[in-house]
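One structure is given here, and the rest of the page talks about it.
All of the numbers you see were taken from the coordinates with simple rules; none came from a lab. Source: prediction; values computed, not measured. Heads up, the Cβs are rebuilt from the backbone with ideal geometry, glycines too, and the neighbour counts pull from every protein chain shown.
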Amino acid sequence: MPTAVESANLILKLYELRRESTMREARNFFMMGFNPDSVEDYMAGMMGPNSGHIRMVISYWEMACSFVTSGAIDPALFETSAGEHILVYGKIEGLLPKLREMMGNPNMFNNLEHVCLSEHVGIDRVRAQTARVKGMMAARSAASK
């Protein structure tokens, strides 16, 4: 198990990566503009002009979660310092079984899933946060009309 300082240092490095301008743009698109309701929606996004943004965000959080699942970052400290991975997983959670089958990869986004279904997060929190953000986005959209 890493020390608190070792975990904190890795978390700070992950934070620095999130601040990079292309990553900020990708995160903004993913959180505000990418809402796949089906595998077909997901694949359309992956084939569209924002494919790089989608891949960047999902692979970033898969990588960050791999640090948790491998023991490089303490899970409790990770959860108190991040939450975006929960929303990322929430956007793909219902699509994962079919995506994995379609891609022939039963381990696709395994680290992200493992962290989000762990005792530190749990599926209820994933679904509650996802629903809350969807509600906020719908209210924002309605207010702009």
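Taking neighbour counts of Cβ atoms within 10 Å as a proxy for exposure, in what order, fewest first, do LYS134, LYS91 appear?
Details: LYS134 14, LYS91 21.
By the 10 Å Cβ count, ascending: LYS134, LYS91.
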Proxy exposure order for TYR89, TYR42, TYR15 (fewest C-beta within 10 Å first) is TYR15, TYR42, TYR89
As I understand it, the value is the acute angle between the Cα axis of helix 51-69 and the longest principal axis of the Cα atoms of the chain; what does it come to in degrees, rounded to 10? 30
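Can you give me the relative contact order of the chain as a percent, contacts being Cα pairs under 8 Å and 6 or more apart? Please report the intermediate quantities before stating the final value.
Numbers: 113 pairs, mean separation 39.7, N = 145.
So the answer I get is 27 percent.
What full-extension length gain, to one decimal in nm, is calculated for ASN35 and LEU12 as 0.36 nm per residue of separation minus the Cα-Cα distance?
On the way: separation 23, 0.36 × 23 = 8.28 nm, distance 2.84 nm.
Result for the pair: 5.4 nm of gain on full extension.
Under the Kirkwood approximation applied to all pairs of distinct alpha-carbon atoms, what is the hydrodynamic radius of region 30-145 in Å? List each step's numbers first, then the result.
Working: mean 1/r = 0.0672 Å⁻¹.
Computed over Cα pairs of region 30-145, the Kirkwood hydrodynamic radius comes out at 14.9 Å.
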Can you work out ³J(HN,Hα) from phi for every residue in region 111-122, in order, using Karplus 6.51 cos²θ - 1.76 cosθ + 1.60 and θ = phi - 60°, giving whole Hz and x for Gly and Pro? 5, 4, 5, 4, 5, 6, 9, 6, 4, 7, 10, x
Between helix 21-33 and the chain: long-axis angle, C-alpha atoms, 0 to 90°, nearest 10: 50
